[in-house]
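Asker: The structure under discussion is supplied below as structure tokens; questions concerning it will follow.
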Amino acid sequence: MAWFEASNHSEAVVPADRKEVWAALTDPDLLPRLTPFLRHIEVDGDHWQWELAKIPILTTSLTPSFTELMKFTEPTRIEWTHDPRGRHERVGVEGWYALEEAPGGGTHLEITIGVKADLPLSRYASPAVTAAMRTVLAGMGKRFGDNLLRHLDTH
């Protein structure tokens with residue numbers, strides 16, 4: 001087993017009011033409908049446990065479940081930090097959303113996300129595993145963005 005890491009950063013102007021975007025990004029019941037692979041979020045105060053479907057990575061796959069400490073600074077920032085609260089979790093995610101009023105209307109939305117995964121692969125496979133993880137992150141991000149726009153009725 002070895003730990004592998006990948007990250008993604010993206011930003012866009014969403015043609016919707018910041019309050020609407022904020023409401024979507026902070027709704028644990030809606031997020032699984034918008035996010036590929038995300039099956040369920042269990043909320044326990046400031047801790048959210050994210051349960052995903054099986055994700056293929058090279059010759060293996062994993063069915064991640066990870067706990068995040070959520071910090072909401074309404075209406076401009078959402079941060080999450082991996083906090084397994086004593087449990088062994090093979091995946092951890094850290095990152096943030098920043099929301100600003102965009103010049104000319106809409107919401108400037110920026111996201112940075114980093115994923116760490118403990119996989120049954122050799123650390124020598126790191127370049128290939130990291131590339132695969134980045135591809136999965138980018139694909140999930142693209143589909144999430146499309147689903148968010150459709151939800152906000154801007155598509």
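FYI, it's all coordinate maths here, none of it is from the lab. Computed from a prediction, not measured in an experiment: that's the story for all the values here. As a convention, Cβ positions derive from the backbone with ideal geometry for all residues, glycine included, and neighbour counts pool all protein chains shown.
Asker: Could you check the simple spin-label distance between Asp44 and Leu30, using points 7 Å along Cα→Cβ, in nm with one decimal?
Answerer: 2.6
Asker: Then there is this: How much length, in nm to one decimal, is gained on full extension between Glu100 and Lys19, taken as 0.36 nm per residue of separation minus their Cα-Cα distance?
Answerer: Length gained between Glu100 and Lys19: 28.1 nm.
Asker: Can you compute the label reach from Asp153? Point 7 Å from Cα along the Cβ direction, backbone N cut-off under 14 Å, restricted to region 4-35.
Answerer: Once the point is set 7 Å along Cα→Cβ of Asp153, 16-17, 20-21 turn out to lie under 14 Å by backbone N, inside region 4-35.
Asker: Moving on. Would you mind computing, in nm to one decimal, how far apart the modelled labels at Ala128 and Ser7 are, each placed 7 Å from Cα along Cα→Cβ?
Answerer: If labels sit at Ala128 and Ser7, their model points lie 2.6 nm apart.
Asker: Using the Cβ atoms and a cut-off under 13 Å, what net charge is assigned to the surroundings of Pro36, where Lys and Arg are +1 and Asp and Glu are -1?
Answerer: +4
Asker: Would you mind pulling out the separation of the Cα centroids of region 1-54 and region 71-94, in Å?
Answerer: Going from one Cα centre to the other spans 11 Å.
Asker: Translational D (Stokes-Einstein, µm²/s) of region 1-54 at 25 °C and 0.890 mPa s when Rh comes from the Kirkwood sum over C-alpha pairs?
Answerer: In µm²/s, the coefficient rounds to 181.
Asker: So how tilted is helix 126-151 from the main axis of the chain? Cα-based, degrees 0 to 90, rounded to 10.
Answerer: Here the helix axis deviates by roughly 30 degrees.
Asker: Mind checking which lysines have their Cα closer than 29 Å to the Cα of Lys54? Skip sequence neighbours fewer than 8 apart in that chain.
Answerer: Straight-distance partners of Lys54: Lys71, Lys116, Lys142.
Asker: If I histogram all Cα-Cα distances within the chain using bins 10 Å wide from 0, what percent of pairs lands in each bin?
Answerer: The calculated distribution, bin by bin, is 10, 40, 34, 13, 2.
Asker: In region 1-91, what trypsin sites (Lys or Arg not before Pro) fall in a loop by DSSP, with at most 11 other Cβ atoms inside 10 Å?
Answerer: Lys54, Arg85, Arg87
Asker: Work from the charge dipole of region 2-151 (Cβ charges, +1 for Lys and Arg, -1 for Asp and Glu, about the Cα centre) and give the residue of Val13, Ile41, Thr26 farthest towards its positive end.
Answerer: Result: Ile41, furthest along the dipole toward the positive end.
Asker: If you put +1 on each Lys and Arg Cβ and -1 on each Asp and Glu Cβ, how big is the dipole of region 16-155 around its Cα centre, in Debye rounded to 20?
Answerer: The calculated dipole for region 16-155 is roughly 700 debye.
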